[in-house]
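For reference, the structure is listed below as structure tokens.
The values are calculated or read from the model by the stated rules, or taken from the named source; none is laboratory data. Predicted model only: the values in this text are computed from it and were never measured. All Cβ positions, even for glycine, are placed from backbone atoms using ideal geometry, and neighbour counts span all protein chains on display. With ligands, DNA and RNA removed, areas are computed over all heavy atoms of the protein, side chains included. Shrake-Rupley method; radii C 1.70, N 1.55, O 1.52, S 1.80 Å.
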Amino acid sequence: MKGKLQKPKTGPRCVVLIATQTASARKQWTQALEGVGTVLAVAERASLDRSLADLEPDILLLDLALHRLGGLQGVQAIRKLKPETKIVVFSRSPNAKEGISLLRAGAWGYCEKAIDPLSLKKAVVMLQKGEVWVKRNLVSHLIGELARLTRRRKKDSAGHDTRLSTLTPREREVVLLIGEGVTNKEVASRLMMTEHTVKAHMTTIFRKLGLSGRVQLALLANQSGRGPTSPPSSDAPSAGKPQSSTRPKSN
């Protein structure tokens, strides 16, 4: 039924909101996330807006084809409304151009709507850890985007350094490591702090810089002329061998 909230019988560890008008997707995604946390599903934009306001979900699984969403502008509006909610956008036919635009708008993930259950569950778990989830073909484009920005960094570094100057020395250290593409766990290890402290720093950094996601922060770190050209860490269900955590992982 449209707009009906569906709750699995599991103890909440996080709140995941599913927004798609496709009934089969709502059912499959809810079942796939059993045990991850509290999972709620809506089928229309009005229900999505109410749920965002009332539930303040940790993660939003958003169908880009949701009626009256408004595409990229709709995603941006949601990010502005609920900057703490991590959005994964699902497209029927993903492409690099659309994916880069959504990631730059603050989405934490982008993948095909026909995602398999195991991959969906892994994506949510990785977002809980502060990672970005993208398709394999987007990784090279992210690297290219960062490389392009790096070529401009000398020209633009003064302005971006001014933005970073609003941060404390410790916060700048966190930003530079995010620009290297490392995980929250690695940041904690290198700076000798807890992951909880890293997350607290990230929240403050996003607020001070007016950013809404890890990708945007990594782009800024590289634009400042201080970071290397590795994309922010992401993960996905590739069938290959394990990859180093300092390199981009993808599905």
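So here's what we get for this one:
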| quantity | calculated |
| --- | --- |
| Placed amide H near Leu60: partners under 5 Å, 5+ positions off or other chain | Leu17, Lys86, Ile87, Val88 |
| Accessible surface of region 165-211, 1.4 Å probe, proportion on carbon and sulfur as whole % | 57 percent |
| Listed peptides 105-116, 35-46 by packing density, highest first (mean Cβ within 10 Å) | 105-116, 35-46 |
| Restraint check, Lys185/Lys208; Lys86/Lys199; Lys80/Lys185; Lys27/Lys113; Lys82/Lys199; Lys80/Lys208, Cα-Cα greater than 20 Å | Lys185/Lys208; Lys80/Lys185 |
| Inverse mean reciprocal Cα-Cα distance (Kirkwood Rh) of region 36-92, Å | 11.5 Å |
| Region 28-133: C-alpha gyration tensor shape, a/c 1.5 cut-off, then a/b vs b/c | rounded |
